Number of protein chains: 2
Amino acid sequence: MGSAPDLQPLAIVAGDGDLPKLLAEECQRSGRDYVLVLFAGFAPDWTGGLPVINAEFEKPARMFKALKAGGFRAVTFAGAMQRPQLRPLKFDWKFLRLAPTLLPAMKSGDDVTLRTITAIFESEGMEVLGAHDVLATLLAPSGVQTVAKLSKADWADIKRGFDIAEAAGRLDVGQGAVVAQGICLAVESIQGTDTMLRFVAETGDAFRLDKNGARGVLCKLPKPGQDWRTDLPSIGPATIRAAAKAGLAGVAVQAGGVLVLGLEQTVAKADELGLFLVGVGRDEAPNDSAGETP
Amino acid sequence: MGSAPDLQPLAIVAGDGDLPKLLAEECQRSGRDYVLVLFAGFAPDWTGGLPVINAEFEKPARMFKALKAGGFRAVTFAGAMQRPQLRPLKFDWKFLRLAPTLLPAMKSGDDVTLRTITAIFESEGMEVLGAHDVLATLLAPSGVQTVAKLSKADWADIKRGFDIAEAAGRLDVGQGAVVAQGICLAVESIQGTDTMLRFVAETGDAFRLDKNGARGVLCKLPKPGQDWRTDLPSIGPATIRAAAKAGLAGVAVQAGGVLVLGLEQTVAKADELGLFLVGVGRDEAPNDSAGETP
């Protein structure tokens with residue numbers, strides 16, 4: 001592993017799931033200097049021996065000082081973070097300066113919150129990168145990835161699911177929806193995809209009227225106009241497992257607009273469970289002709 | 001109770017909930033001839049001794065014949081009905097003639113299905129009335145109905161909830177949403193309001209960040225452009241109970257656009273549980289100035 005003078009040292013703000021680990025591994029592989037920023041309450045269990053900065057939401061001044069001392073001028077936000085319960089008595093001077101902007105933003109949707117946090121990092125002179133800027137192969141490829149193929153009814157469900165998820169995204173509600181036989185079984189809200197799929201598993205079956213008909217599709221796509229550097233929707237093998245438990249036929253994601261955390265493992269899990277995984281171009285899904293796409 | 005020659009005899013297609021009973025009582029009170037149409041699988045338990053026509057989805061010819069024989073030329077659909085599991089071997093000749101229109105419609109949202117069913121009744125020469133045409137006092141009045149009043153944060157949640165529910169309605173997904181502290185906790189889909197509120201009860205609490213902040217609002221309004229004669233959203237005391245279990249501060253409905261099944265009992269339940277109930281003019285909620293409404 002050699003040095004990589006063309007790659008800026010990277011701070012990875014580590015949230016839930018596999019993404020921060022994948023990015024850390026990519027840095028190791030390419031010889032890129034990196035550090036994991038672990039916020040109190042969001043420390044994953046796989047960081048032993050890796051370079052970390054421990055941070056607290058209430059004390060951004062200390063975090064930015066540590067980042068600058070380490071020469072980190074690029075940052076990526078990796079993995080979801082639930083909004084923290086803030087402890088006002090711990091606020092440092094920088095938090096107090098940011099509070100008039102940050103606190104109202106946190107009362108809007110995720111998108112507004114993340115735009116505000118991005119702007120805060122930029123105002124500290126840092127460059128904010130998307131996970132796919134660090135590891136381009138994370139973006140969902142186009143086309144059917146699995147042994148299981150799609151019926152015409154599946155494509156019709158995808159068209160409707162994309163329309164619904166896009167409307168929900170435009171209102172900063174969520175990035176996904178589940179449709180089966182033309183009927184919407186769930187719209188993703190703040191609880192996220194796993195909780196939505198659990199809801200479908202518990203409540204959806206009575207609404208698939210044709211017992212031999214389409215089983216339904218999980219559709220995931222970015223919010224229209226969202227900042228692609230933060231909070232791109234993501235799926236992985238666990239998403240496939242949850243979709244199978246919800247009785248779905250497969251998963252459709254916007255090609256190039258959704259992170260697949262471990263494409264090979266995700267496709268393998270889908271093949272094992274008999275689900276399809278398809279990357280759909282944003283121009284395909286919303287058109288009526290999508291029903292005819294092979 | 002005298003005769004009421006100015007009121008047409010009325011067929012009440014009875015679905016779930018209290019609405020068909022309220023309409024039957026209104027007919028009794030006003031001396032209007034009526035009959036309850038009970039579809040197999042949807043027979044309520046309070047119809048003993050009342051005039052009924054027993055019907056099967058697969059046999060519309062028999063039902064229309066019975067309606068005509070009884071002199072019923074007006075019909076109202078009262079209470080939700082889940083899409084039935086059809087038994088094709090039982091289809092009569094009329095069902096088979098309707099099938100090419102009806103079956104594809106049932107694979108779209110509720111709204112398309114109900115428009116199709118309405119058109120079928122009209123093509124049989126029947127007039128389709130809304131529940132509020134039979135009993136005008138069912139429509140939600142404007143303004144705060146309860147002892148509990150609304151905070152500015154509640155009004156902000158209502159504005160956002162109305163925007164989200166309207167978008168969901170436009171796509172024929174559902175007629176409601178739950179918002180707390182600006183965050184969408186649920187969008188109603190085919191499972192309906194009670195299931196949505198149970199979902200919020202189970203999953204919502206972690207997402208109310210300010211433990212002393214707004215508890216959230218259930219917002220209900222008709223789908224934009226829906227046929228107001230069928231499937232107007234409705235609430236009642238049970239809705240208030242479910243909203244309380246979901247930890248919400250109150251319920252906001254479109255004034256004049258939502259049926260309140262027992263206003264007095266609904267308000268009494270809200271007062272008992274400390275929730276607000278407010279009817280919001282559709283011009284109030286979507287504007288930014290709604291935040292200032294007292």
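The values are calculated or read from the model by the stated rules, or taken from the named source; none is laboratory data. Since the model is a prediction, treat every value here as computed from it, not as a measurement. Please note: Cβ atoms are built from the backbone with ideal geometry, for glycine as well, and neighbour counts cover all protein chains shown.
Residues in the range A:34-56 that are loosely packed, with under 13 Cβ neighbours inside 10 Å and either touching a His at 6+ places or on another chain (Cβ under 6 Å) or part of a strand (DSSP E or B) (or both): there are none. Taking each residue of the range B:142-169 that is at positive phi and looking for partners that are in a strand (DSSP E or B) and surrounded by 23 or more Cβ atoms within 10 Å (Cβ to Cβ) with beta-carbon atoms closer than 7 Å, six or more apart or interchain, yields B:143/B:278. Residue B:53 falls short on exactly one of the conditions (1) within 30 Å of residue B:26 (Cβ to Cβ); (2) out of contact with any helix residue (DSSP H, G or I) (no Cβ under 8 Å at 6 or more places or on another chain), and that condition is (2).
The single condition among (1) of a type in the set (Gly, Ala, Ser); (2) buried (at least 19 other Cβ atoms within 10 Å of the Cβ); (3) farther than 17 Å from residue B:216 by Cβ that residue B:180 does not meet is (3).
Exactly one residue out of B:251, B:267 is under 23 Å from residue B:184 (Cβ atoms), outside any loop (DSSP other than H, G, I, E, B) and modelled with pLDDT of 95 or more: that is B:251. Looking only at residues of the range A:117-175 that are more than 13 Å from every other protein chain (Cβ to nearest Cβ) and of a type in the set (Phe, Trp, Tyr), we find that the one that is nearest to residue A:102 (Cα to Cα) is A:121. Which of the residues belonging to the range A:10-33 are under 26 Å from residue A:98 (Cβ atoms) and buried (at least 17 other Cβ atoms within 10 Å of the Cβ)? If the condition is that a residue be under 26 Å from residue A:98 (Cβ atoms) and buried (at least 17 other Cβ atoms within 10 Å of the Cβ), then A:10, A:11, A:12, A:13, A:14, A:15, A:19, A:20, A:23 are the ones that fit.
Okay, residues lined up against (1) under 30 Å from residue A:161 (Cβ atoms); (2) in the same structural domain as residue B:21 (by TED's automatic domain parsing); (3) touching a residue at least 60 places away in the same chain (Cβ under 8 Å); (4) of a type in the set (A, V, I, L, M, F, W, C):
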| position | (1), (2), (3), (4) |
| --- | --- |
| B:61 | no, yes, no, yes |
| B:69 | no, yes, no, yes |
| B:78 | no, yes, yes, yes |
| B:83 | yes, yes, no, no |
| B:90 | no, yes, no, no |
| B:97 | no, yes, no, no |
| B:113 | yes, yes, no, no |
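Checked against (1) in contact with a strand residue (DSSP E or B) (Cβ under 8 Å, 6 or more places away or on another chain); (2) surrounded by 18 or more Cβ atoms within 10 Å (Cβ to Cβ), residue A:62 passes all but a single condition, namely (2).
How about the range B:208-237: which of its residues are more than 14 Å from chain A (Cβ to nearest Cβ) and surrounded by fewer than 18 Cβ atoms within 10 Å (Cβ to Cβ)? Of everything in the range B:208-237, those that are more than 14 Å from chain A (Cβ to nearest Cβ) and surrounded by fewer than 18 Cβ atoms within 10 Å (Cβ to Cβ) turn out to be B:225, B:227, B:228. In the range B:101-111, how many are at the interface with chain A (Cβ under 9 Å from one of its Cβ atoms) and in contact (Cβ under 8 Å) with a residue 40 or more places away in the chain? The total comes to 3.
Output the residues belonging to the range A:59-100 that are within 14 Å of chain B (Cβ to nearest Cβ) and either under 23 Å from residue A:111 (Cβ atoms) or touching a Pro at 6+ places or on another chain (Cβ under 8 Å) (or both).
From the range A:59-100, those within 14 Å of chain B (Cβ to nearest Cβ) are A:80-88, A:99; that's our starting set.
Within the range A:59-100, A:80, A:81, A:82, A:83, A:84, A:85, A:86, A:99 meet the criteria.
Evaluation of residue A:240 against the conditions (1) buried (at least 23 other Cβ atoms within 10 Å of the Cβ); (2) within 14 Å of chain B (Cβ to nearest Cβ); (3) in a helix (DSSP H, G or I) shows that the sole unmet condition is (2).
Hey, can you tell me all the residues within the range B:185-203 that are at the interface with chain A (Cβ under 8 Å from one of its Cβ atoms), more than 15 Å from the chain's Cα centre (by Cα) and not hydrophobic (A, V, I, L, M, F, W, C)? Passing the criteria: only B:203. The set of residues in the range A:153-187 being outside any helix (DSSP H, G or I), of a type in the set (A, V, I, L, M) and in contact with an Asp or Glu (Cβ under 9 Å, 6 or more places away or on another chain) consists of A:171, A:173, A:177, A:178, A:179, A:180, A:183, A:187. Looking across the range A:188-207, the residues that are assigned to a loop (DSSP other than H, G, I, E, B) and surrounded by 19 or more Cβ atoms within 10 Å (Cβ to Cβ) come down to A:188, A:189, A:190, A:191, A:204.
Only one of the numbered conditions (1) of a type in the set (A, V, I, L, M); (2) without any contact (Cβ under 8 Å) to a residue 60 or more places away in the chain; (3) within 21 Å of residue B:170 (Cα to Cα) is violated by residue B:200, and that is (3). Comparison of B:41, B:15 shows that the only residue that is closer than 18 Å to residue B:229 by Cα, under 23 Å from the mean Cα position of the chain (by Cα) and at pLDDT below 90 is B:15.
Take residues that are of a type in the set (Ser, Thr, Tyr) and modelled with pLDDT of 90 or more and tell me which of the helices (runs of 4 or more DSSP H) falling wholly in the range B:57-146 contain 1 or more. Write out each step before concluding.
Working: elements: B:60-69, B:93-106, B:110-123, B:131-134.
Because the criterion is at least 1 residues that are of a type in the set (Ser, Thr, Tyr) and modelled with pLDDT of 90 or more, the helices (runs of 4 or more DSSP H) in the range B:57-146 that meet it are B:110-123.
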